[in-house]
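A.B. asks: So that we are looking at the same thing, I have put the structure below in structure tokens.
The values are calculated or read from the model by the stated rules, or taken from the named source; none is laboratory data. This structure is a prediction, so every number in the text was calculated from the model and none was measured. Positions of Cβ are generated from backbone atoms using ideal geometry, with glycine treated the same way; all protein chains shown enter the neighbour counts. Protein only, heavy atoms only, side chains kept; ligands, DNA and RNA dropped before computing areas. Shrake-Rupley method; radii C 1.70, N 1.55, O 1.52, S 1.80 Å.
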Amino acid sequence: MSYFGLDRPRSPLYYTAWKITFVVGLLLTCGLFYYAAASVHYDWRWYRVPQYFWYSGQEDIRSDFSGTVKEVQHTPSGTVIRFAAEDHPGELVSMTLGAGSEALVQPETDVYMGDIIAKRSFSKPGILLEGLWVTVVVSSFAIVAGIGIGLVTGLCRLSNNPALRWGAITYIEIIRGSPLLVQIFLWYFVVGFVVDALLGQVGLPGIAPLWYGVAALAIFTGAYVAEIVRAGIQSVHRGQMEAARSLGMTHSQAMRKIILPQAFRRILPPLAGQFISLIKDSSLLGVMAVRELTKATREAVTSSLQSLELWFTCALLYLVLTFMLSLFVQYLERRAVR
Amino acid sequence: MIHAKHVHKYFWIPHQLHALKDVSLEVAKGEALVIIGPSGSGKSTFLRCMNRLEYADAGEIWVNGTNILDVDCDINKLRAEVGMVFQSFNLFPHLTVLQNLTLAPETVLGRSSKQANEKAMSLLEKVGIAEKCEVYPDQLSGGQQQRVAIARALAMDPQVMLFDEPTSALDPEMVGEVLDVMRTLAREGMTMVVVTHEMGFAREVADRLVFMDQGAIVEQGTPEEIFQNAQNDRTKLFLSQIL
């Protein structure tokens, strides 16, 4: 809320003028950037971007045999080509081409091993879409785990038990006091190294880097969520706990039914901010061989050299993710209006 | 019903204070006891000691045959038998009026929701706001909220009711409706301990009046004895200032 009404009222012209100023400023910024790119002769090739979302291509299918094609048969599951092969006298051998294949040979054509006999069209998710998916997966797991860790730690932080309280404080201070990038390195190169080595000793496969990434983000976010939860619980008036206890409820009943529901509504806005941060921080996971959106973009830029378009696209994708999360939290906030 | 023996209470925060100095008091079953006194005299602290919202530092407080200062006593069971009404109502803002009344009977006493609802509705009728059962507390006036708070305490079928300045946070025109409810309760024979500044109510309803000052009970007696014939100078001074 702004302090509307504490100063003299402004005329409608005042608002119109400044709205126009905003739009002009926005256009000017974009224009300047475009002009700058044009001055260094940058070739905008936006048409190259979609292929990084969904890649369509054709691949050659080569013959496994030398001999003569005897039959090209179309079946529902694909095309079957039968050969009278030189090294299989007296019988027909066959190659089955998958769906989407188109045979380039007719019966009675002579072919040699390695000749192109068909083309197959295929399409698959591009690298950006795959990266986006990894970012979504990592962030979702980390958010869910972060809420759990944060809730438990926040409650421990407020506990009268010194072991729980000091434990929570130690965890929060250590995590908040060191850079996330360093924590990611620790998870991957220290924890990951040790855990994978131990698993190897008992003959188990190692854990995928993705899960070390989820752990790093969840533990990192948990510390901040804990402080948010603590502040939310402390913001509920002391009289609420007293009223609940005076009715005979136990501490945990009062916490679950009276305090936490009221705290929940108040912690939603800061929680949303924290999780938006988490989605953006997941871009650091590229350093530990998790190909999330940022790493995927870097690889795409390396191969295409269309850095401006791709980095803009990357930023836009993060914006879409964070905006969707923000909308979802606003929806929750409206529902939990009491 | 309640028997406090030589109760002492200290506060260290924000500064050291001997809040209750050797307070002894007995409340009989069915008695309406009113505690009066200047602010800071320890009357609210004493009341809060009776259901251990404040832990008295020395002495004994027997409620219904149990010493609640005994660390092994089942304090939750005891609090369920002692209703409390606060100055600032302390209704649960995220629950409807009806849910405010049914939550504790269901979770603490294990009543079915049907039982709890019926009991709640009859209590809301008694305090005169049955038609508001589905609204949230912040849509009610202060007087209505305090009546809901009284009904919430009554929903637990308490044996004693403690009132901690129940009308002090109310607009003047709403004091009457709350006092009416309390008057009815007293007439029905509920054991009540009331901390209040409402002298008219005290005179009319109290079986016994207790005057506290500086953490100690200075004088007690029937309303007539106190109001017309106070023996202690401090009591006389307080009454002359307030009446």
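A.B. asks: Are any residues in region A:69-82 farther than 14 Å from residue A:118 by Cα and surrounded by 15 or more Cβ atoms within 10 Å (Cβ to Cβ), and if so, which ones?
C.D. replies: Hit for region A:69-82 is A:70, nothing else.
A.B. asks: Do we find that residue A:89 is free of Cβ contacts under 8 Å to residues at least 60 places away in the same chain and surrounded by 11 or more Cβ atoms within 10 Å (Cβ to Cβ) in this structure?
C.D. replies: Spelling it out, it is not the case that residue A:89 is free of Cβ contacts under 8 Å to residues at least 60 places away in the same chain and surrounded by 11 or more Cβ atoms within 10 Å (Cβ to Cβ).
A.B. asks: What is the one condition in (1) more than 14 Å from chain B (Cβ to nearest Cβ); (2) closer than 26 Å to residue A:149 by Cβ that residue A:300 does not satisfy?
C.D. replies: So residue A:300 meets the others, but not (2).
A.B. asks: Checking residue A:138 against (1) within 14 Å of chain B (Cβ to nearest Cβ); (2) touching a helix residue (DSSP H, G or I) at 6+ places or on another chain (Cβ under 6 Å), only one condition comes out false. Which one?
C.D. replies: (1)
A.B. asks: Residue B:20 fails exactly one of the following numbered conditions: (1) among the hydrophobic types (A, V, I, L, M, F, W, C); (2) surrounded by 23 or more Cβ atoms within 10 Å (Cβ to Cβ); (3) not in a strand (DSSP E or B). What is the number of that condition?
C.D. replies: (3)
A.B. asks: Now a separate question. Do you know which residues across region A:294-317 are free of Cβ contacts under 8 Å to residues at least 40 places away in the same chain and open to solvent by less than 30 Å² (accessible area, probe 1.4 Å)?
C.D. replies: A:301
A.B. asks: Report yes if residue B:2 is over 30 Å from residue A:333 (Cα atoms) and open to solvent by less than 30 Å² (accessible area, probe 1.4 Å), otherwise no.
C.D. replies: For residue B:2, the condition - over 30 Å from residue A:333 (Cα atoms) and open to solvent by less than 30 Å² (accessible area, probe 1.4 Å) - is met.
A.B. asks: Go over the candidates A:289, A:243 one by one and state the one that is of a type outside the set (Val, Ile, Thr), more than 10 Å from chain B (Cβ to nearest Cβ) and more than 17 Å from residue A:154 (Cα to Cα).
C.D. replies: None of the others qualify; the one that does is A:289.
A.B. asks: How many residues does region A:97-123 contain that are of a type in the set (S, T, N, Q), farther than 15 Å from residue A:85 by Cα and free of Cβ contacts under 8 Å to residues at least 60 places away in the same chain?
C.D. replies: Going through region A:97-123 one residue at a time, the tally reaches 2.
A.B. asks: Let me ask something additional. When residues of region B:78-108 are filtered for being in contact with a helix residue (DSSP H, G or I) (Cβ under 7 Å, 6 or more places away or on another chain) and either among the aliphatic types (A, V, I, L, M) or more than 21 Å from residue B:164 (Cβ to Cβ) (or both), how many remain?
C.D. replies: Final tally of qualifying residues: 14.
A.B. asks: Test residue A:241 against the stated conditions and say whether it is in contact with a helix residue (DSSP H, G or I) (Cβ under 8 Å, 6 or more places away or on another chain) and under 30 Å from residue B:104 (Cβ atoms).
C.D. replies: Considered against the rule, which asks whether it is in contact with a helix residue (DSSP H, G or I) (Cβ under 8 Å, 6 or more places away or on another chain) and under 30 Å from residue B:104 (Cβ atoms), residue A:241 comes out as yes.
Condition check ((1) in a loop (DSSP other than H, G, I, E, B); (2) within 30 Å of residue A:291 (Cα to Cα); (3) touching a residue at least 40 places away in the same chain (Cβ under 8 Å)) across all residues:
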| residue | (1), (2), (3) |
| --- | --- |
| A:17 | no, no, no |
| A:37 | no, yes, yes |
| A:43 | yes, yes, no |
| A:57 | no, yes, yes |
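A.B. asks: OK, next. Every residue in region B:75-98 that is more than 17 Å from the chain's Cα centre (by Cα) and at the interface with chain A (Cβ under 10 Å from one of its Cβ atoms), please.
C.D. replies: Scanning region B:75-98 gives B:75, B:76, B:77, B:92, B:93, B:94, B:95, B:96.
A.B. asks: Inspect region B:99-107 for any residue being under 27 Å from residue B:21 (Cα atoms), in contact (Cβ under 8 Å) with a residue 12 or more places away in the chain and facing chain A (nearest Cβ under 8 Å) and give the result as yes or no.
C.D. replies: no
A.B. asks: Hey, another quick one. Scanning for something more than 14 Å from chain A (Cβ to nearest Cβ), open to solvent by 10 Å² or more (accessible area, probe 1.4 Å) and not in a loop (DSSP other than H, G, I, E, B), does region B:51-59 turn up at least one residue?
C.D. replies: yes
Matching residues to (1) open to solvent by 30 Å² or more (accessible area, probe 1.4 Å); (2) among the hydrophobic types (A, V, I, L, M, F, W, C); (3) assigned by TED's automatic domain parsing to the domain that holds residue A:286; (4) in contact with a Leu (Cβ under 6 Å, 6 or more places away or on another chain):
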residue	(1), (2), (3), (4)
A:213	no, no, yes, yes
A:218	no, yes, yes, no
A:232	no, no, yes, no
A:238	yes, no, yes, no
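A.B. asks: I'm told residue A:261 meets every condition in (1) at pLDDT below 95; (2) more than 7 Å from chain B (Cβ to nearest Cβ) except one. Can you identify the failing condition by its number?
C.D. replies: All conditions pass for residue A:261, except number (2).
A.B. asks: What single numbered condition from (1) part of a loop (DSSP other than H, G, I, E, B); (2) open to solvent by less than 70 Å² (accessible area, probe 1.4 Å); (3) within 14 Å of residue A:116 (Cα to Cα) fails to hold for residue A:64?
C.D. replies: Result: residue A:64 passes all but (2).
A.B. asks: Here's something else I'd like to know. Scan the helices (runs of 4 or more DSSP H) fully inside region B:125-243 and keep the ones with 1 or more residues being polar (S, T, N, Q) and buried (at least 18 other Cβ atoms within 10 Å of the Cβ).
C.D. replies: The qualifying helices (runs of 4 or more DSSP H) are B:142-154, B:233-242.
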